[in-house]
Structure formats: C-alpha cells, structure tokens
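Working notes, beginning with the structure itself.
The values are calculated or read from the model by the stated rules, or taken from the named source; none is laboratory data. What you see is a predicted model, and the numbers here were worked out from it, not measured in a lab. Note that each Cβ is placed from the backbone with ideal geometry, even for glycine, and that neighbours are counted across all protein chains shown. Keep in mind that these areas ignore ligands, DNA and RNA; they rest on the heavy atoms of the full protein, side chains included. Shrake-Rupley method; radii C 1.70, N 1.55, O 1.52, S 1.80 Å.
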Amino acid sequence: LAWDPMASPTARMDVRLVLDRSGSMAGASWEHAVRAAHELVDRLAPGDTLGLVSYSDDASLDLEPARVGNGRAAHAAIDALAPGGGTNIEAALRMAAASPPRHRAPTDVALVVLVSDGQATVGHTTASELAPIARAMFDDTGALTTTIGLGTSFDEDVMLSIAREGSGSYHFVRRPEDVGTILEDELNVRAFVIDGLLFDPTPSNA
C-alpha cells in the first residue's frame, strides 16, 4: 500500500502532547516547541480530542482532555507555559497515563507525543524504569507513545526505549525549527486510513 499525502485522513484523533518545559528548553528550542504545539492544535479537527501535559521538576495537566472545538482553550494553555527547572519524564508519563487517549472506534488514533531536549534528572531516570510506563499504557488502552528527541543532549536510549515499549515512533530532531514538521508528519501517518485500516509507515528522522 502506498501512502498518498494528498488524501484526507478520516481517523478521529485523541492526542496527549507531553511537552518538556525544563530550563534547558529556554530560548530557540522553547520558541519552536511552542509554535509546533500551536500548529498541532490547528491541525486537529474540532471533533478531535487534545490533552496537554508539561513537565519540569514535576508534571502538570495544563489542558484536560477535551474536544478541540475552536482551539482557543488549547492555544491559551500553551501560551501560559514557561520553561524552568529539571526534567521529570516519569511524572510526565504517569500523568499522561492517568488521563490516556482512548479509542472510541477501531480507526481512532490514540497517541501520546513526548517531547524532550535533555536527560531525565528528577524521579526515575533510566530506560528500564521509564519505558514500562509507556508499555503499561499501551497494554491497558492501546495508546501509542511517540517520542521526539530535540537537539543533541537528550538521552537517546531513554527516548528510543519509551517509543519502542509504547509501540510508537522515535524521532531525532537536530534543529528546533524541524519539530513542527515532525509533529505534523507523525499525525499524518497515524491518521491515514485505507479501507478502514490504519496505514502506519515508519516516519523518517529529521
């Protein structure tokens, strides 16, 4: 089967964007991550669902999962965030798992997208400790966990293991300005439906 990028996705999306707001994100990385988050909101349909989790020393549920609608609530939640503190990936994954994306129909896409530019410094920090959280979420709900490692200082083993155990994709993004493209590509390939079956090619890294 070939993926036609001009085709209109028909799957309903239920997405949890899990955004690193640690101090190391300050500057260009944060600006581009915020821009990508806004673009994600605009990419989703009014009937799709979005929840926003951000994390530094701890995690916060900045937007409870809800229909996107006109997007105003989601955009406001993104604009209210500011970087600072450490990197607690454990807390972020556990918060996403507490309100996970879900399938209401066989062709729905339930997706967690974890973005980080650094190594976990708070809570559990190793791949063997963090990846099972994504695995449990997949086993319990069928939600996929995709990871986006931004820059060059993130822990590749952790991010790759989380994506593998969460049955999602792993992306390495060298340039902060590319995170928006990767995020859009990830949604496109997850949402594309052929004859009622999800077609899920492995996206390329930037």
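At a 10 angstrom cut-off on C-beta neighbours, averaged per residue, how do the peptides 108-119, 43-54 rank from highest to lowest? Don't skip to the answer; put the middle values down first.
On the way: 108-119: 24.0, 43-54: 19.7.
Highest-to-lowest ranking by the protection proxy: 108-119, 43-54.
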Counting pairs of alpha carbon atoms under 8 Å apart in space and at least six apart in sequence, what relative contact order in percent does segment 33-189 give?
20
In terms of modelled amide H atoms, which long-range or inter-chain residues lie less than 5 Å from the amide H of Gly85?
Gly23
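Nothing charged except the Cβ atoms of Lys and Arg (+1) and of Asp and Glu (-1): what's the magnitude of the dipole of segment 50-156 about its Cα centre? Round to the nearest 20 debye. Don't skip to the end; give the middle numbers.
Details: 6 positive and 13 negative charges, 96 e Å.
Here the size comes out at about 460 debye.
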Pull up all non-local amide H partners of His124: gap of 5 or more, or a different chain, and H-to-H distance under 5 Å with H placed in the peptide plane.
Glu90
As a test of the definition: which semi-axes, in Å, follow for the chain when you take the square root of five times each eigenvalue of its alpha carbon gyration tensor? Largest first, please.
24, 18, 17
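From the square roots a ≥ b ≥ c of the eigenvalues of the alpha-carbon gyration tensor of segment 46-105, which class results: rounded (a/c under 1.5), prolate (a/b over b/c), or oblate?
Working: a/c = 4.04, a/b = 1.37, b/c = 2.96.
Cα axes put segment 46-105 in the oblate bin.
Once you sort the root eigenvalues of the Cα gyration tensor of segment 1-116 as a ≥ b ≥ c, which label holds: rounded (a/c under 1.5), prolate (a/b larger than b/c) or oblate (the other case)? Kindly include the intermediate steps, with their values, before the conclusion.
On the way: a/c = 1.85, a/b = 1.59, b/c = 1.16.
Since a/c reaches 1.5 and a/b is larger than b/c, the shape of segment 1-116 is classed as prolate.
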Separation of segment 87-153 and segment 159-194 by C-alpha centroid, Å?
12
Applying the Karplus parametrisation 6.51 cos²θ - 1.76 cosθ + 1.60 with θ = phi - 60° to the phi angles of segment 75-85, what ³J(HN,Hα) value in whole Hz is obtained for each residue in order, glycine and proline being reported as x?
4, 5, 5, 5, 5, 7, 7, 8, x, x, x
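Checking the a/c ratio against 1.5 first, then a/b against b/c, what shape does the Cα gyration tensor give for segment 122-177?
oblate
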³J(HN,Hα) computed for each position of segment 31-37 - Karplus, 6.51 cos²θ - 1.76 cosθ + 1.60, integer Hz, glycine/proline x
4, 6, 5, 5, 4, 5, 5
Residues meeting the amide H criterion for Ser167 (H placed from the backbone, H to H distance under 5 Å, 5 or more places apart or on another chain) are Thr145
Under the helix-only model (-39500 (n - 2.57) for each DSSP H run of 4 or more, divided by the residues of the chain), the mean residue ellipticity at 222 nm, to 500 deg cm²/dmol, is -11000 deg cm²/dmol
When the charge dipole of the chain is computed with +1 at the Cβ of Lys and Arg and -1 at the Cβ of Asp and Glu, the Cα pointing farthest to the positive end, of Ser116, Thr181, Gly69, is that of Gly69
Per residue, how much accessible area does the chain show when a 1.4 Å probe rolls over the protein heavy atoms, in square angstrom?
43
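If you roll a 1.4 angstrom probe over the protein chains with everything in place, what fraction of the accessible area of the chain belongs to carbon and sulfur, to the nearest %?
Details: 4470 of 8960 Å².
Of all accessible area on the chain, carbon and sulfur atoms account for 50 percent.
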